[in-house]
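Encoded as structure tokens, the structure appears first; notes follow it.
The values are calculated or read from the model by the stated rules, or taken from the named source; none is laboratory data. These numbers come from a predicted model, not from an experiment. As a convention, Cβ positions derive from the backbone with ideal geometry for all residues, glycine included, and neighbour counts pool all protein chains shown.
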Amino acid sequence: MAGNKLFAVFADQVDGTAAAGVPVALPNAPPAVLGVVCLRGRMLTVLDPIAVFSGETFTWPACLPAVLALRGDEQLALAAEGCRDSITIAASDIQHPTPTNEEGFESAALGMVRYGGEEITVLRLESLFAAAVRSKERRRRRF
């Protein structure tokens, strides 16, 4: 949960959660990259899920309320205002968007699901980091 948006990842893609974390900012990082945190001895790049999808930065406190560590080689984590319990959904419940966004890149959203009257964006982890840094790459001057 971040802002008024709900995001979800599959349970087998979560390595753990931390109740709070203070990210150390990275110089020249795109808005979606909040910094790095150390969680269980691993340095993780913390992403702002709102900025990944909307390009708009959310005003996070200096100490993030929750950090969700993700599995995988990219060593990523998501900033969150809170974490909820696991839910069970069927693959057919996920409404899949077009696989690419308006710029022709693979979307970081696997799809949307409605659960308990709320709309939840299900994340595609293999595209998450690329989506986070893409806004920075668009602005970079090319010679």
All positions within segment 56-97 that are in contact with a helix residue (DSSP H, G or I) (Cβ under 6 Å, 6 or more places away or on another chain) and over 17 Å from VAL14 (Cα atoms): THR57, PHE58
Condition first: modelled with pLDDT of 85 or more and either surrounded by fewer than 18 Cβ atoms within 10 Å (Cβ to Cβ) or acidic (Asp, Glu) (or both). Now tell me which residues in segment 36-59 satisfy that. CYS38, GLY41, ARG42, MET43, ASP48, THR59
For ALA69, are the conditions met, namely being in a strand (DSSP E or B) and within 16 Å of ALA19 (Cα to Cα)? yes
Are there strands (runs of 3 or more DSSP E) fully within segment 2-56 with at least 2 residues that are touching a strand residue (DSSP E or B) at 6+ places or on another chain (Cβ under 7 Å) and touching a residue at least 60 places away in the same chain (Cβ under 8 Å)? List them. 6-8, 42-47
Here are the criteria: (1) free of Cβ contacts under 8 Å to residues at least 12 places away in the same chain; (2) closer than 13 Å to ALA131 by Cα; (3) more than 12 Å from the chain's Cα centre (by Cα). Tell me which single one ASP73 does not satisfy. (2)
In segment 22-45, is there at least one residue being closer than 17 Å to THR121 by Cα and among the β-branched types (Val, Ile, Thr)? no
